[in-house]
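Each remark here refers to the structure printed beneath this line.
No lab work stands behind these numbers, since they all come straight from the coordinates. It should be emphasised that the depicted structure is a prediction, and the values quoted were computed from it without experimental measurement. Cβ coordinates were reconstructed from backbone atoms using ideal geometry, including for glycine residues, and neighbour counts include every protein chain displayed.
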């Protein structure tokens with residue numbers, strides 16, 4: 001916060017002095033009496049004007065957020081360098097090399113992976129690929145696995161214990177599953193569908209009382225007369241655990257809540273167990289899209305924003321927060337360009353302010369931003385946001 005010292009000027013006149021005592025005659029005295037009220041009126045007018053300006057400045061400061069955020073650190077990356085939040089750090093790719101930067105600035109590690117590369121991250125793992133070369137690194141940048149795959153790598157996905165690498169053609173390839181020891185434990189053939197995405201989740205299965213990491217595969221079946229989405233689950237190293245058709249509605253996001261898969265389409269969220277059997281009726285979300293999901297303690301929060309025709313120029317006036325049995329719309333104080341979830345609060349970002357609403361509450365507080373935010377890339381630990389200001393990347397410490 002900025003402290004502003006108030007200045008006060010006091011005008012004094014001695015009550016015991018007389019004009020005659022200073023040698024002033026009656027004529028001089030009369031002239032002074034005519035001038036004195038004009039001076040007082042001028043002083044009163046200036047005082048009133050000063051008070052009005054002070055009130056106006058006070059309200060202006062309240063409108064932009066009187067309190068500021070915490071520390072702001074510029075990260076040595078640009079928006080075009082595929083920047084990703086990662087634990088308590090930030091990863092980016094400069095065209096040949098992956099760099100991991102500390103939230104407070106400074107390079108933690110770098111690893112060269114070649115040109116035209118891409119990567120994916122999980123909590124403790126990074127998988128990167130270029131051509132048919134795959135690299136698996138731990139959170140400290142140490143190489144766990146490197147190999148040349150049998151064909152061009154389309155994409156890959158990282159889990160907490162496994163990595164999945166999809167090679168071949170989009171509608172005719174193989175998903176290779178590699179464990180944390182760098183051993184290939186599965187090769188899943190993909191045919192008669194276009195593979196869209198792969199990921200991992202943990203659930204208690206019928207064969208184990210302990211949570212097991214499973215893999216989900218989302219594809220588009222184009223063999224029938226009507227295009228349909230398909231979801232499959234696998235236990236790495238074992239057989240398929242489930243498969244189901246999701247219908248014609250396009251699924252754009254899959255995540256897990258307490259071992260249950262949430263599959264998001266443009267109309268609803270469908271709830272499946274690890275065998276891809278529906279556990280309850282879908283949740284209607286027509287008019288909203290799932291923007292962020294975060295687990296805090298034992299509760300998983302799901303943040304939705306109004307559906308946009310285009311991701312360019314997003315304007316958000318309200319958000320929808322779902323958790324446990326709560327489904328609530330929160331109204332933002334001002335139009336925002338992004339919204340996200342932290343450990344304790346919902347955040348809405350305008351270009352020069354961040355609005356904070358703690359979980360369980362319904363009102364936002366405004367805080368001034370010291371940089372002009374043009375995009376929000378995500379959150380890292382300790383309520384810090386990774387944001388872009390033009391092409392530059394910053395880490396901003398947010399209030400709870």
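Per-structure values
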item	result
Alpha-carbon centroid distance for the pair segment 309-376 / segment 147-177, whole angstrom	36
Equivalent ellipsoid semi-axes - Cα gyration tensor, segment 178-309, angstrom	24, 21, 13
Where only C-alpha atoms are counted, convex hull volume of segment 230-363 per residue in Å³	128
Estimated FRET transfer efficiency when R0 is 35 angstrom, pair residue 363-residue 124 (beta carbons, to 0.05)	0.45
Value of relative contact order over segment 99-203, rounded to a whole percent, pairs C-alpha under 8 Å and six or more apart	17
Where only C-alpha atoms are counted, convex hull volume of segment 117-191 per residue in Å³	73
Reduced Cα scattering model of segment 302-400, Debye log10 I(q)/I(0), q = 0.10, 0.20, 0.21, 0.22 Å⁻¹	-0.24, -0.99, -1.10, -1.20
Protection proxy ranking, peptides 284-290, 352-358, average beta carbon neighbours within 10 Å, highest first	352-358, 284-290
Potential lengthening between residue 245 and residue 140 on full extension [0.36 nm per residue; Cα-Cα distance subtracted]	33.8 nm
Segment 167-218: projected area of the alpha-carbon convex hull, averaged over directions, in nm²	4.3
Spin-label pair residue 372/residue 115, simplified geometry with 7 Å Cα→Cβ offset, distance in nm	3.5
Mean separation of Cα contacts under 8 Å, 6 or more apart, over the residue count of segment 293-349: relative contact order %	31
Value of relative contact order over segment 240-281, rounded to a whole percent, pairs C-alpha under 8 Å and six or more apart	34
Rg/Rg_ref, segment 201-274, where Rg_ref = 2.2 N^0.38 Å and atoms are Cα	1.15
